[in-house]
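Heads up: the structure comes next, in structure tokens.
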Number of protein chains: 2
Amino acid sequence: MAEFVNVAVDAMGGDNAPLEIVKGAVDAVNESSHVKVYLTGKEDAIRSELSKYTYHKEQVEIVNAAEVIETAEPPVMAIRKKKDSSIVKALNLVKEGTCDAYVSAGSTGATLVGGQVIVGRIKGVERPPLAPLIPTEKGCALLIDCGANVDARPSHLVQFAKMGSVYMESVMGVKNPRVGIVNIGAEEEKGNALVKETFPLLKNCPDIHFIGSIEARDIPAGYADVVVCEAFVGNVILKMYEGVGATLIKKVKEGMLTSLRSKIGALLVKPALKNTLKAFDLEQYGGAPMLGLKGLVVKTHGSSNSVEIKNSILQCITFTEQNINQKIKEKITMEEN
Amino acid sequence: MAEFVNVAVDAMGGDNAPLEIVKGAVDAVNESSHVKVYLTGKEDAIRSELSKYTYHKEQVEIVNAAEVIETAEPPVMAIRKKKDSSIVKALNLVKEGTCDAYVSAGSTGATLVGGQVIVGRIKGVERPPLAPLIPTEKGCALLIDCGANVDARPSHLVQFAKMGSVYMESVMGVKNPRVGIVNIGAEEEKGNALVKETFPLLKNCPDIHFIGSIEARDIPAGYADVVVCEAFVGNVILKMYEGVGATLIKKVKEGMLTSLRSKIGALLVKPALKNTLKAFDLEQYGGAPMLGLKGLVVKTHGSSNSVEIKNSILQCITFTEQNINQKIKEKITMEEN
């Protein structure tokens with residue numbers, strides 16, 4: 001028997017749990033014989049969903065968890081109190097070494113807190129960032145950090161740049177990824193205190209390909225592969241993608257329905273348009289990895305369907321097979337010399 | 001003779017100067033008999049442009065200035081050294097009381113620095129923010145601050161909320177404008193140190209309509225009329241509008257050209273689409289006011305054409321006639337009681 005990449009999946013997390021989560025897990029094991037999924041959550045509910053499908057039984061295991069952490073719950077308290085929740089049980093599987101990775105569409109806060117508290121940081125990593133892939137004209141870029149760790153220090157941002165470079169090179173196959181720091185102008189002397197302090201540190205970093213400042217306007221155009229910023233700014237960037245995208249698409253649709261002529265045109269362009277815009281959909285890339293932890297922790301959208309769950313699980317195979325955490329450890333330690 | 005609103009216009013600023021600037025000025029005085037424009041810059045060049053048009057001579061005056069401040073010049077130095085530049089001369093017209101307002105498509109940095117140094121702040125105003133109007137599904141919102149003053153303090157943000165409310169109510173006619181603070185979640189306990197400190201201050205502000213946190217995703221949807229944030233975040237929001245917008249429109253166009261069927265459709269939807277998207281164009285609103293100064297300072301896009309210049313000049317009439325600065329003074333002073 002080949003050795004599996006073992007992935008703990010929170011079967012109760014997200015808007016469509018457990019139905020879409022279980023379906024995504026089954027699809028993943030049916031697509032790859034390299035992966036084994038541990039579904040944590042209410043055993044009866046999971047078993048009843050699983051009974052709908054055929055799959056290799058040895059690739060799926062149920063780990064019963066009676067509790068569920070709701071999105072609205074304060075995360076620190078939830079992680080501490082709900083020991084028998086699907087999130088805590090799944091994270092514990094990673095902590096104890098049964099699993100290599102964790103995937104959840106549930107509470108972002110609980111995943112971020114639990115990732116740090118239960119799985120734990122790689123030695124030397126100051127802060128584990130949440131780093132979603134965002135679409136660009138040229139493909140995609142890693143936006144690092146979008147997590148809950150606001151008010152970052154320059155040394156954090158330098159580590160984000162290093163970890164992001166490892167991820168883009170080893171998981172996404174981008175050779176010598178271009179690292180940019182989000183700024184309000186292209187010149188080195190521009191920026192707030194954090195960016196001004198970080199800029200020379202990145203410039204003097206020998207093991208990344210730093211291209212300087214990147215203005216927010218140039219992010220969707222794909223000027224950088226690794227987009228470094230502190231979490232508050234990262235969150236604003238991610239949500240402007242969603243917000244401007246949603247509003248513009250709505251306007252385009254409205255515009256197409258204003259006259260009979262344009263309505264006919266709309267029918268003709270619809271299929272082609274749908275395909276092109278799909279390539280610019282934030283959700284196509286599966287989950288966002290939380291980097292710098294002793295195992296891989298992946299947070300997918302709360303609205304995830306089975307396709308996103310499947311992709312997030314399969315993403316864990318590359319991450320584990322490429323020894324990303326070993327590479328991160330080496331790159332972070334290099335900094336300390 | 002009716003009393004004019006006097007507007008100093010930097011005839012040499014922007015990519016299309018002096019041609020489009022002079023045309024915009026002429027169009028403005030031809031549209032309103034309430035305004036008089038002072039064009040600052042190279043007299044010969046301005047006179048030669050003016051000779052193309054007919055207009056009421058008493059509504060246009062030329063103020064010669066031999067120098068031009070380039071966009072790339074360090075602004076503090078430029079303002080100090082180039083006393084005979086079109087920007088410094090125009091700002092001086094406001095300072096000495098000849099003009100009520102200033103409009104420039106030239107160097108943003110020089111305008112921001114010059115606004116503070118030459119025109120000066122209203123007593124009590126800690127920082128004059130740059131506040132562009134941004135399109136939303138429901139109309140537009142004021143994004144305050146997008147200026148060069150990064151690393152703001154909570155008291156600055158409270159003043160931005162007050163000044164922005166005055167502007168939206170008196171210039172844009174929005175009754176009891178909704179004020180939101182940009183945050184990474186809707187809950188009061190979320191945010192970085194700045195937002196957490198500012199939130200209760202805004203909540204206890206009796207003279208604004210504070211609706212709490214606004215996530216970046218909800219800005220284009222129009223959840224708030226006054227969007228309060230510090231300048232770094234404001235700059236990122238503004239530029240994400242531009243960047244995501246440009247990339248999406250490009251994708252839509254590409255999508256429409258992928259097949260013969262969609263090409264025909266594209267021809268049919270084009271006129272309707274163009275109209276709808278125009279309503280979501282960042283440049284339609286004319287210039288961004290710099291609030292809290294002893295006169296009105298308006299910065300328009302570097303790429304401004306005559307329409308944007310005209311709109312920016314006409315905007316100064318409402319601003320002046322509505323006594324915005326008096327209202328800002330009252331609202332800011334109220335805070336000190």
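Each row is one residue, and each column tells you yes or no for (1) touching a residue at least 12 places away in the same chain (Cβ under 8 Å); (2) away from chain A (no Cβ under 13 Å); (3) of a type in the set (Lys, Arg); (4) surrounded by 24 or more Cβ atoms within 10 Å (Cβ to Cβ).
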| residue | (1), (2), (3), (4) |
| --- | --- |
| B:THR258 | no, no, no, no |
| B:LYS270 | no, no, yes, no |
| B:THR300 | yes, yes, no, yes |
| B:ILE313 | yes, yes, no, yes |
| B:THR320 | yes, yes, no, no |
| B:LYS327 | yes, yes, yes, no |
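Residues satisfying the criterion are present in the stretch B:36-51 (criterion: touching a helix residue (DSSP H, G or I) at 6+ places or on another chain (Cβ under 6 Å) and touching a residue at least 60 places away in the same chain (Cβ under 8 Å)).
Residue-level analysis places A:ILE264 among those that are surrounded by fewer than 17 Cβ atoms within 10 Å (Cβ to Cβ), at pLDDT 85 or above and facing chain B (nearest Cβ under 9 Å). Among the residues of the stretch A:182-202, those identified as under 18 Å from A:ALA224 (Cβ atoms) and of a type in the set (Asp, Glu) are A:GLU187, A:GLU188. B:ALA186 satisfies every condition listed in (1) buried (at least 19 other Cβ atoms within 10 Å of the Cβ); (2) in contact with a strand residue (DSSP E or B) (Cβ under 7 Å, 6 or more places away or on another chain); (3) within 13 Å of another protein chain (Cβ to nearest Cβ) except (1). Of everything in the stretch B:288-319, what is modelled with pLDDT of 90 or more, assigned to a helix (DSSP H, G or I) and of a type in the set (Val, Ile, Thr)? Give them in sequence order. Selection gives B:VAL307, B:ILE309, B:ILE313, B:ILE317. Screening the candidates A:LEU201, A:LEU194 for the property of being more than 8 Å from every other protein chain (Cβ to nearest Cβ), surrounded by 17 or more Cβ atoms within 10 Å (Cβ to Cβ) and touching a residue at least 24 places away in the same chain (Cβ under 8 Å) yields one hit, A:LEU194.
Among B:LYS89, B:LYS83, which is the only one that is touching a helix residue (DSSP H, G or I) at 6+ places or on another chain (Cβ under 9 Å) and assigned by TED's automatic domain parsing to the domain that holds B:SER303?
Values: B:LYS89 fails: touching a helix residue (DSSP H, G or I) at 6+ places or on another chain (Cβ under 9 Å).
None of the other options fit; the residue is B:LYS83.
Quick one: is A:VAL227 free of Cβ contacts under 8 Å to residues at least 12 places away in the same chain, more than 19 Å from B:ALA152 (Cα to Cα) and in the same structural domain as A:ILE144 (by TED's automatic domain parsing)? No; evaluated as a whole, the condition is false for this residue. Can you spot a residue in the stretch B:144-157 that is within 29 Å of A:GLU189 (Cα to Cα), part of a strand (DSSP E or B) and not assigned by TED's automatic domain parsing to the domain that holds B:ILE62? Yes: the stretch B:144-157 contains one or more residues that are within 29 Å of A:GLU189 (Cα to Cα), part of a strand (DSSP E or B) and not assigned by TED's automatic domain parsing to the domain that holds B:ILE62.
Checked across the stretch A:278-289, the condition of being within 9 Å of chain B (Cβ to nearest Cβ) and crowded, with 16+ Cβ neighbours inside 10 Å holds for at least one residue. Residue count for the stretch B:83-101, restricted to those that are part of a loop (DSSP other than H, G, I, E, B), touching a residue at least 60 places away in the same chain (Cβ under 8 Å) and basic (Lys, Arg): 0.
Okay, residues lined up against (1) touching a His at 6+ places or on another chain (Cβ under 8 Å); (2) of a type outside the set (S, T, N, Q):
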| site | (1), (2) |
| --- | --- |
| A:GLU3 | no, yes |
| A:ASN6 | no, no |
| A:PRO18 | no, yes |
| A:VAL29 | yes, yes |
| A:LYS36 | no, yes |
| A:GLY41 | no, yes |
| A:ILE46 | no, yes |
| A:GLU49 | no, yes |
| A:TYR53 | no, yes |
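Restricting attention to the stretch A:143-170, the residues that are in contact with a strand residue (DSSP E or B) (Cβ under 8 Å, 6 or more places away or on another chain) and of a type outside the set (Gly, Ala, Ser) total 9.
Residues considered: B:VAL227, B:VAL236. Of these, the only one that is surrounded by 22 or more Cβ atoms within 10 Å (Cβ to Cβ), of a type outside the set (Ser, Thr, Tyr), assigned to a strand (DSSP E or B) and within 14 Å of chain A (Cβ to nearest Cβ) is B:VAL227. Between B:GLY212, B:GLY222, the distinction of being touching a residue at least 60 places away in the same chain (Cβ under 8 Å), on the phi > 0 side of the Ramachandran plot and either surrounded by fewer than 23 Cβ atoms within 10 Å (Cβ to Cβ) or within 14 Å of another protein chain (Cβ to nearest Cβ) (or both) belongs to B:GLY222 only. The set of residues from the stretch A:31-73 being in a helix (DSSP H, G or I) and either surrounded by 15 or more Cβ atoms within 10 Å (Cβ to Cβ) or not assigned by TED's automatic domain parsing to the domain that holds A:SER104 (or both) comprises A:GLU43, A:ALA45, A:ILE46, A:GLU49, A:LEU50, A:GLN59. Does the stretch B:173-182 include one or more residues that are outside any strand (DSSP E or B) and in contact (Cβ under 8 Å) with a residue 60 or more places away in the chain? Within the stretch B:173-182, none of the residues are outside any strand (DSSP E or B) and in contact (Cβ under 8 Å) with a residue 60 or more places away in the chain. Taken over the stretch A:144-183, the residue count meeting the criterion of being surrounded by fewer than 24 Cβ atoms within 10 Å (Cβ to Cβ), within 14 Å of another protein chain (Cβ to nearest Cβ) and under 18 Å from the mean Cα position of the chain (by Cα) is 3.
More than 14 Å from every other protein chain (Cβ to nearest Cβ), buried (at least 21 other Cβ atoms within 10 Å of the Cβ) and either in contact (Cβ under 8 Å) with a residue 12 or more places away in the chain or over 15 Å from B:VAL171 (Cα atoms) (or both), is that true of B:LEU293? Judged against the criteria, B:LEU293 is a match. Please indicate, with yes or no, whether at least one residue in the stretch B:111-120 is touching an Asp or Glu at 6+ places or on another chain (Cβ under 9 Å) and buried (at least 20 other Cβ atoms within 10 Å of the Cβ). Checked against the condition, which is being touching an Asp or Glu at 6+ places or on another chain (Cβ under 9 Å) and buried (at least 20 other Cβ atoms within 10 Å of the Cβ), the stretch B:111-120 yields at least one hit.
The values are calculated or read from the model by the stated rules, or taken from the named source; none is laboratory data. All values derive from a computational prediction rather than experimental measurement. All Cβ positions, even for glycine, are placed from backbone atoms using ideal geometry, and neighbour counts span all protein chains on display.
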